[in-house]
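See below for the structure under consideration.
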Amino acid sequence: MDPMVDNSWIHEKRPSGRSGWQSKMMKTKVFMTVAVILAGTILAVSLNGLGSNATLYQSEGVVVDFGGYKTSWTDVDYKEIDDPVELLVKASEKHGYTYTMGEDGKLESVYDGSATYSNDPTHSWGLWYVEKKSTSFTRSEGYGIKASDYTVTVWAYTEKDAEPAVAVDATGTSIYGYSQPSSMVTLSPVCTEIVASMNAVSLIVGTDSYSNYPSSVVAGRDNGSIAVVGTYTDPSYESIMHRGPDMVICDGSQYNQVQVAKTLRNSEVNSVVLYNAEDEKSIIDNIFITGVAMNYGMRALDVIESMTYAMNAIRSAVSGGAGTSVMVTLNTDASPTVAGSYTYVSDMLSSLNGNNVASEMNGWAHLTSEYVTKYNPSCIVILDSGTYSSGDYGRMLANLSLEWKNTDAYKNGNIYLLCEDIGELSQRASPRSVQFFEILARVLNPDSFPDGIVVPKTIGNDYVSYLTYTKDLGFGD
């Protein structure tokens, strides 16, 4: 089916409400995962090699990419056509496109029925491909290649130095050409929330044990329509197969999930592996990947546009603000786990006038106590997933180590505790991360918003009360 066709109306959003703070076990999932990773019990995943030993799903056809995640897919049997120009002809016939070639034989423009996308000083059409067992795009120097030699080929309208929209998952497997699933399993809270943002909770028949949003997922587990198929770090192949899903969405940040995806593919179960969310782009890429694979491409585009619009509005509101040195941490230990570079949190800070004091470290890193004093942040944001509740701010401050109390953040009263629902949300690189983005913006730029909302030092289950731009972007609840 065409990924540009919006079929999300089939699974309309269910009215639901947050059913209350879930069990402590569920709330601590991200902290546990980070701890496991830091302890070294889960192997690091190299995305460039994930698909090397897997039986990869290989779709046959061509993508036309108009920019801004607006793409179309055309199924073509490579035994009949594998010349890229002939594939463009086939795609144009199917979708009603009109294209022009220049005297040099290069593609100059494509009319999609509503607008013409023509080469100009800022944008141009090009032929791109992804090598088999790779996740990286290469721009073809000419049109004489064979599509059958690559995982996917794309005619793309891109800005200078930009690439097409992501076309393969974290294992180098094409995201195009799948049939629309009638049942799905999601193996992490992020995977579950992305599918929920497609208004497709009714498709989910199994999740990991930590998925607890939206409330319709919890209700499904309570009534038996959704089964637990393992933990975030240890999914069960047997439990997944017992549910008989048409598609499984896996989290590529977890080695065991990548291995399960390989096994599922060898059992002819469609499996999509999302990228580790290191920045805003990778979060959006994962939403796009899921939507395209599900044949919910138009709904994915709606979600992406809503997120992007809100985040741009927030960035505009705080533009020109003074920079603030910030430490974002998962705990209040004397030697805390902090967000370094290559985390979505650090990426958010960089666009919200926040200077990440731990930027010289990579990923979620263990910071020794002396570095807390050395970095001396002027603001500290704690993303708590179960240790504290909204009434525990005073107790939390009293229990801080001397290193923390020597920081400007402590001395000036600029330590923020995000706990309960917002503490959990902030640790999930899902569509709802835009709500965390707004809270973080308000923490770092309290005088930049015209609505008069002042965020307190502790925010918990009531976090929606402090939102304006993203208040209605719960995506599934």
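For segment 84-105, the set of residues classified as part of a loop (DSSP other than H, G, I, E, B) and under 24 Å from residue 130 (Cβ atoms) consists of 97, 105, listed by residue number.
So in segment 223-268, with the set limited to residues that are assigned to a loop (DSSP other than H, G, I, E, B), open to solvent by less than 20 Å² (accessible area, probe 1.4 Å) and touching a residue at least 60 places away in the same chain (Cβ under 8 Å), which one is nearest to residue 207 (Cα to Cα)? If we take residues in segment 223-268 being assigned to a loop (DSSP other than H, G, I, E, B), open to solvent by less than 20 Å² (accessible area, probe 1.4 Å) and touching a residue at least 60 places away in the same chain (Cβ under 8 Å), then 245 is nearest to residue 207 (Cα to Cα).
Only one entry of 416, 371, 410, 388 meets the criterion of being closer than 18 Å to residue 457 by Cβ, part of a helix (DSSP H, G or I) and not small (Gly, Ala, Ser), and that entry is 410. Output the residues belonging to segment 130-158 that are over 23 Å from the mean Cα position of the chain (by Cα), open to solvent by 20 Å² or more (accessible area, probe 1.4 Å), touching a residue at least 60 places away in the same chain (Cβ under 8 Å) and under 24 Å from residue 284 (Cβ atoms). Passing the criteria: only 157. Annotation: residue 390 fulfils all but one of (1) modelled with pLDDT of 95 or more; (2) touching a strand residue (DSSP E or B) at 6+ places or on another chain (Cβ under 9 Å); (3) on the phi < 0 side of the Ramachandran plot; the unmet one is (1).
Residues in segment 67-122 that are among the aromatic types (Phe, Trp, Tyr) and over 24 Å from residue 291 (Cβ atoms) were compared, and the one that is farthest from the chain's Cα centre (by Cα) is 99.
The set of residues in segment 60-92 being in contact with a Ser or Thr (Cβ under 9 Å, 6 or more places away or on another chain), more than 23 Å from residue 163 (Cβ to Cβ) and open to solvent by 50 Å² or more (accessible area, probe 1.4 Å) consists of 75, 79, 90.
Out of curiosity, is residue 440 assigned to a helix (DSSP H, G or I), among the hydrophobic types (A, V, I, L, M, F, W, C), modelled with pLDDT of 95 or more and open to solvent by 10 Å² or more (accessible area, probe 1.4 Å)? The answer is no for residue 440.
Residues that are within 15 Å of the chain's Cα centre (by Cα) and hydroxyl-bearing (Ser, Thr, Tyr): does segment 276-284 have at least one?
First, pick out the residues of segment 276-284 that are within 15 Å of the chain's Cα centre (by Cα): 276-284.
From the residues that got through so far, the ones that are hydroxyl-bearing (Ser, Thr, Tyr) too are 282.
Within segment 276-284, one or more residues are within 15 Å of the chain's Cα centre (by Cα) and hydroxyl-bearing (Ser, Thr, Tyr).
If you check 347, 333 for being outside any loop (DSSP other than H, G, I, E, B) and open to solvent by 20 Å² or more (accessible area, probe 1.4 Å), only one passes: 347. The residues on offer are 421, 392, 451, 462, and the sole one that is open to solvent by less than 50 Å² (accessible area, probe 1.4 Å) and closer than 26 Å to residue 306 by Cβ is 421.
The values are calculated or read from the model by the stated rules, or taken from the named source; none is laboratory data. Just so we're clear, the structure is a prediction, and the values are computed from it rather than from any experiment. Neighbour counts run over all protein chains shown; Cβ positions are idealised from the backbone, glycine included. Note: accessible area is taken over every heavy atom of the protein model, side chains too, but ligands, DNA and RNA are not part of it. Shrake-Rupley method; radii C 1.70, N 1.55, O 1.52, S 1.80 Å.
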